[in-house]
Amino acid sequence: MPVTLTFLGHAGFVLGDGKHAVAVDPFLTDNPVATLKPDEISCQSIVLTHGHADHLGDTVSIAKANDATVYAAFEIAEYLGGLGCKTEPGNPGGRITTDFGWVAFTQAFHSSSYEGRYMGMPCGVVVSVGGQTVYHCGDTGLFSDMKLIGELYQPDIALIPIGDRFTMGPELATKAAEWIMPKVAVPMHYSTWPLLVPDASGFTPEGMEIKVMEPGESWQYG
């Protein structure tokens, strides 16, 4: 079944198969490149990679407006549950069966906090929706187990940060993509602010399609 990806800007996406919609890291308010507003997001589920404000973003308002379930690390789930959100906690190494398929958290090398509160281990996340497998790397540096993640999950699509300074830059992200070996690599987490790499020209992995998306753009795979 085809899956449609809508790029929210920065590292946010909505994944949909026509029946289910899953928002990942829906950061829209205060996102200078976002073209959509929180009240324009329709989804039944939200998946978070970590607790930083540019990823947790508008999760609370979107979750409540849609009665959506949030899948996140244990500490994030505890925090959001206290705010009245429906949550499903997880951590790296496990898989959560869902109405749309499944969610599996992976390791990521970064940090995770929200307004000074510890938010658990940062994660990448593998989402199966519409029979397609999407690996959102989260915010991370390069690590060799990306090869293993690629081998285990064989993702159709990998969403890979390339912005440098806080994550991999284009050269290391290129290596990451070639280790993961998805069918399609989508660069993210760049050009949002001047501190980040301004474009995706340095992201040049071989052996796969590269799909550069603009904020607000939708694209169908499968």
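What follows draws every value from the coordinates through simple rules; no lab data is involved. Just so you know, these numbers come straight off a predicted model, no measurement behind them.
Just a few scattered comments:
- Diffusion constant of the chain at 37 °C, which comes from Stokes-Einstein with the Kirkwood Cα-pair radius and 0.692 mPa s, µm²/s: 195 µm²/s
- For the range 62-202, lysine pairs separated by 8 or more sequence positions, or belonging to different chains, with Cα-Cα distances below 26 Å total 4.
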